[in-house]
Amino acid sequence: MAILETRQLSKHFGGLAAVSELDMEVREGEILSVIGPNGAGKTTLFNVVTGYMPPTAGKVFFGGEDITGLSPNRIAERGLVRTFQETVLFARFPVIAHILTGLFMDSTTTLWETLLNTPWWFQSFRRKRAESLQKAAEILEFLGLKGSELMLATNLPHGHQRLLGVGIALAANPKLLLMDEPVTGMNVEEANFAMSLMRGIRERGITVVLVEHDMRTVMDISDRIVVLNYGRKIAEGTPSEIRANQEVIDAYLGVEEDVA
Amino acid sequence: MSRRELAKWVGLPLLALLFLAAPFIFNDPYYQHLLILICTWSILALGFLLILSVGQFTIGHAGFMAIGAYASALLTTKVGVSFWFALPLAAVIAAIFGAVMGWVMLRARMGAFLLLTLCFAEVVRLTIVYWPSLLGGRAGFPNIPRPDAIFGMAFDSKFPYYYLILFLLAVMVFVIYRMDRSKFGLTFKSIAQNPPLAQSVGVHLMRYKILAFTVACFFAGAAGSFYAHYLTFLSPEYFTVWKSLIVQMYAIIGGIGFMIAGPIAGAAFLVVLPELLRATETFSFILYGAVFILVIFFIPGGLLSLPQQVGVWRQALRRRAKIPGGIRPWQYLRPGS
């Protein structure tokens, strides 16, 4: 079943068609990769799907509902959460605060509870805070970031910063996670760990879509691959089908020896 | 006991006691007047910092104080409401203005927002100036009644005024403290640091910005109402852009890293300093400017960060001492160098 679907989706910047009449679907529970040369419109596609940019034409459906033109926070509320290509974090927050911010939707604390609840009154403010901290600890453990809770995120090694970005998105309790180049700038060891994480995320019942340049990762992990070039879909299929596709080789992969 | 516990269980009660006992320690109407001013401007500066915590820099906060002040003055003189109803009503009116104007203005970022708040404050002031029949115009709004006696306390000396404004300040400090340590403070700060990332986890940016702005305006309105009935006279000249600028100076000089203590310390310092130097009003503006520049340049974390800053200086000097050529302090006193 398609959890995310785009119909004739287009995004133009002036005369440039970054995404052009794209029909694409993501099936529930799979790991789908979107690949293509630089400027193929992959990140634009993410921005349009998650509401950061309005599409020029076309529709986006998530779980059967039309989410075209909704604001990013509304889309996140429905369970479609993204990570960012650049390493974007909260510069003045320690690690734990990032995850707690990610748990924003999870926390139902109201303003009145915040203002009125003192320890000897009723306990809901403190209980909710304890629950949030518990969840944050679980997520950090899953990411292998346990022990660096109180470090400033900017002091973490680059690979860990990327993982923390994933952690923020995970805390937002996604049904579908869009990851924009998750292993960029990671060394082999970190990239392997990131791949095992992505499988772990899928096992938790979260569908994963990633944009990635690292062919080793893509071929290794994806159930299916969508190839974009100049904003158009030129191929779609399993990793082995994509490897054998002449058009993809011409546009992006080059000679086949490079891939293997 | 750890230092933190010591500060919590000994430092805070001592500080609270100091605030409560202040008018008895400085038992002179003029000093008490200064204490009252410190508390009033602290409320404004706290509001400025609350708005800054969602990443928006306002220089029109005195405009909302003016709304509260004139609303309260009108309610008591024209409608005939008691001060004790007029005060919360004035705060609510300022908060409503804050919510509506916030809804309009908070869409703008940084510089544009700053200009919008400036314009709004000027519009408020000019409305007062050019509506003499209702608001008194340039000549001022006279004969605002003193608050009625409450709990057997008549408002005939500075004492009840001081405790009233101290109470308002305490309420605001409590509200900010609770918000700062909950989901709300975290959300505010996340919006200030990285709006798209905050949005990606479901934060409705405008809703939280408007919340912070409205809370700040509510207390600015309450402070305005107090101010009106304390002075019993209002003039548009009390709420010029200079007032808003000085309010942001209080917060920045105190230290914007200190959500609560910073604005209060800054207000106390800048209200007392011209008095210590026996400065005239004109001179105190120059003094404020000089202090502002010095603090920004040498202690960018604000006065309350002085202990850390001294550590930075000492380190810099120690490093410098090993290098031949001597110490050139102006190169090394700046942090980060």
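Derivation of every value follows stated rules applied to the coordinates shown; laboratory data play no part. None of the values given here were measured: they were computed from a predicted structure. So basically every Cβ, Gly included, is an ideal-geometry build from the backbone, and we count neighbours across all protein chains shown.
Tabulated results
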| item | result |
| --- | --- |
| 10 Å binning of all Cα-Cα separations within chain B, expressed as whole percents from 0 upward | 6, 23, 32, 24, 11, 3, 1, 0 |
| Fraction of the pair-distance distribution of region B:67-148 above 20 Å, Cα-Cα pairs, percent | 43 |
| HN-Hα J in Hz across region B:23-32 - Karplus 6.51, -1.76, 1.60, θ = phi - 60°, x for Gly and Pro | x, 7, 5, 9, 7, 8, x, 5, 4, 5 |
| Scattering profile of region A:162-244 at q = 0.13, 0.17 Å⁻¹ [log10 I(q)/I(0), Debye over alpha-carbon scatterers] | -0.42, -0.72 |
| Calculated [θ] (222 nm, deg cm²/dmol) that DSSP helices of n ≥ 4 give over chain A, each run adding -39,500 (n - 2.57) | -10500 deg cm²/dmol |
| At most 12 other Cβ within 10 Å, DSSP loop - trypsin sites (Lys or Arg not before Pro), region B:109-179 | B:Arg109 |
| Chain B, helix-only ellipticity at 222 nm - DSSP H runs n ≥ 4, -39,500 (n - 2.57), divided by all residues, nearest 500 | -23000 deg cm²/dmol |
| Selection from B:Gly102, A:Met219, B:Pro29 lying farthest towards where the dipole of the protein assembly as shown points positive, charges on Cβ | B:Pro29 |
| Modelled FRET efficiency - R0 35 Å, B:Ala170 with A:Val88, Cβ distances, 0.05 increments | 0.35 |
| Dipole moment magnitude, nearest 20 debye, region A:2-259 about Cα centre, only Lys, Arg, Asp, Glu C-beta charged | 1080 |
| Hits among lysines - C-alpha to C-alpha of A:Lys42 under 24 Å, sequence gap 8 or more where chains match | A:Lys11, A:Lys59, A:Lys175, A:Lys233 |
| Net +/- balance of residues flanking A:Met24 in space, Cβ distance below 10 Å, scoring K and R +1, D and E -1 | -2 |
| Inter-chain shielding of A:96-105 (mean C-beta neighbours from other protein chains, 10 Å cut-off) | 5 |
| Cβ-based net charge around A:Ile99, under 10 Å, with every Lys or Arg adding one and every Asp or Glu removing one | -1 |
| Test item: B:173-183 mean partner chain Cβ contacts at 10 Å | 4 |
| Ranked list, fewest to most other Cβ atoms within 10 Å of each Cβ, for A:Thr184, A:Thr238 | A:Thr238, A:Thr184 |
| Simple Cβ-charge dipole of chain B, Lys/Arg +1 and Asp/Glu -1, about Cα centre, in debye nearest 20 | 1460 |
| For B:Ile59, distant residues with modelled amide H under 5 Å away | B:Thr117, B:Leu118 |
| Simple Cβ-charge dipole of the protein assembly as shown, Lys/Arg +1 and Asp/Glu -1, about Cα centre, in debye nearest 20 | 2120 |
| At most 15 other Cβ within 10 Å, DSSP loop - trypsin sites (Lys or Arg not before Pro), region A:1-107 | A:Arg92 |
| In region B:172-248, the chymotrypsin sites (Phe, Trp or Tyr not before Pro) that fall in loop regions by DSSP, at most 16 other Cβ within 10 Å | B:Phe233 |
| Over chain B, relative contact order from alpha-carbon pairs under 8 Å, at least 6 apart, % | 27 |
| Contact order relative to length of region A:138-194, as percent, for alpha carbon pairs under 8 angstrom and 6 or more apart | 34 |
| Rg/Rg_ref, region A:2-259, where Rg_ref = 2.2 N^0.38 Å and atoms are Cα | 1.08 |
| Cα Rg over Rh - the protein assembly as shown, Kirkwood | 1.06 |
